1. Restricting attention to segment 249-291, which residues are outside any helix (DSSP H, G or I) and more than 30 Å from Gly185 (Cβ to Cβ)?
2. Any chance segment 155-163 includes a residue that's free of Cβ contacts under 8 Å to residues at least 24 places away in the same chain and basic (Lys, Arg)?
3. Residue by residue through segment 175-187, note down the ones that are crowded, with 22+ Cβ neighbours inside 10 Å and touching a Leu at 6+ places or on another chain (Cβ under 7 Å).
4. I'm checking my understanding of the structure. Among residues of segment 106-156 that are acidic (Asp, Glu) and either assigned by TED's automatic domain parsing to the domain that holds Ser224 or crowded, with 16+ Cβ neighbours inside 10 Å (or both), which one is nearest to Gly272 (Cα to Cα)?
5. If you go through segment 271-297 one residue at a time, how many are touching a Ser or Thr at 6+ places or on another chain (Cβ under 7 Å), at positive phi and surrounded by fewer than 24 Cβ atoms within 10 Å (Cβ to Cβ)?
6. What is the residue count in segment 289-314 for residues that are under 25 Å from Gln234 (Cα atoms) and of a type in the set (S, T, N, Q)?
7. Please enumerate the residues belonging to segment 92-109 that are without any contact (Cβ under 8 Å) to a residue 60 or more places away in the chain and more than 26 Å from the chain's Cα centre (by Cα).
8. Within segment 86-105, which residues are within 30 Å of Arg67 (Cβ to Cβ) and crowded, with 17+ Cβ neighbours inside 10 Å?
Amino acid sequence: MTVAVVGAGIIGLSIAWRLRERGFEVTVLDSGERGAWHVAAGMLAPGGESAFEQPWLTRLLAESGERWPAFAAALGVDVGYDDAGTLGLAMTADDLADAARVWTRQKLALLRPSELREREPALSPRVRAGVYAPTERQVDPRKVVAALRDRLDGRIVARRVERLSDVDADTVVVAAGCGTAALTGLPVRPVKGQVLRLRGEPGLLRHVLDATVDGRHVYLVPRSDGEIVVGATQEERTDRAITAGGVHDLLHAAIDLVPGLAEAELVETTVGHRPGTPDNAPLLGRLRDNEIVAAGHHRNGVLLAPITADLIAGLVAGEEDPLLEHFAPGRF
């Protein structure tokens, strides 16, 4: 059986890799556009999103998080995998009241400011409280995609697909992110996000920081080489403009949280579009007899790559996991 995967982001490449491992003849059709993975910070935080009202999505996130250590190891190269955990932080009393609801549901113990600064000495003394989530991890999505492309050497073709009927394969897997809407008619919308990358001294931060600062959500993801990813705005917009207001809001929150970042170099400002759905859960499953969809992962594309790859590769092989019922493309 021949399989064409439309889309060369982290989801499409992960699916193609798993299909190749199963012995399928796979071609990845790459439009050349960088998707949301190129902007993503790579937080692997199943409890970090407010998915409590969607128990099946919560389960999907958690199960995929559990698969990431083996997934990263199987790639055989450094992909920035780090299991140091995440500090959830609240700057003000109002921030704490808002964050405490999530932390309580996650059953995380509240830490005092002094305990937080023992873990992260660079934190502002204004931080009121926080929690430590030891099971949350991170990877570098750019390194993951580079590793996947190496694994699929010779199977990636530069080609923009305008119509699925033009794709010659026994099975077509549509993993085109926001482009899935035009190809399938499914309700996948772009959700704009602006992200910054700073460069400071390696070791300034030891953990991922996921914080609320004066009502604004911000995360800081440190890399071993001194890079710190700061994100992200969330805007229901389709443009690709990097705005002064977006950069200001992110920098202001980040420096309030970690004052030492005022001395860091701003090395990159970038923008991308998360592929959202009406319920912000992914579309996973068969659309028509020979067409399968894996798209609409919203903020969780990196986290959900391992389980999406396993589920979709299994579906192509005739193994329909019951979990797919809850994410069927036909639910809209």
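The values are calculated or read from the model by the stated rules, or taken from the named source; none is laboratory data. Remember, it's a predicted structure, so these values are computed and weren't measured experimentally. Cβ coordinates were reconstructed from backbone atoms using ideal geometry, including for glycine residues, and neighbour counts include every protein chain displayed.
1. Val258, Ala264, Glu265, Leu266, Val267, Glu268, Thr269
2. Let us first name the residues in segment 155-163 that are free of Cβ contacts under 8 Å to residues at least 24 places away in the same chain, namely 162-163.
Restricting the remaining residues to those that are basic (Lys, Arg) gives 163.
For segment 155-163, residues free of Cβ contacts under 8 Å to residues at least 24 places away in the same chain and basic (Lys, Arg): present.
3. Residues of segment 175-187 that are crowded, with 22+ Cβ neighbours inside 10 Å, as a first pass: 175-177, 179-180, 183.
Residues satisfying the conditions are Ala176, Thr180, Leu183.
4. First pass over segment 106-156, keeping only residues acidic (Asp, Glu): 115, 118, 120, 136, 140, 150, 153.
With either assigned by TED's automatic domain parsing to the domain that holds Ser224 or crowded, with 16+ Cβ neighbours inside 10 Å (or both) added as a condition, the list becomes 115, 118, 120, 136, 140.
Numbers: Glu115: 36, Glu118: 35, Glu120: 30, Glu136: 24, Asp140: 16 Å.
Ranking the candidates gives Asp140 first.
5. 0
6. 2
7. Matches in segment 92-109: Ala93, Ala97.
8. Thr86, Leu87, Gly88, Leu89, Ala99, Val102, Trp103
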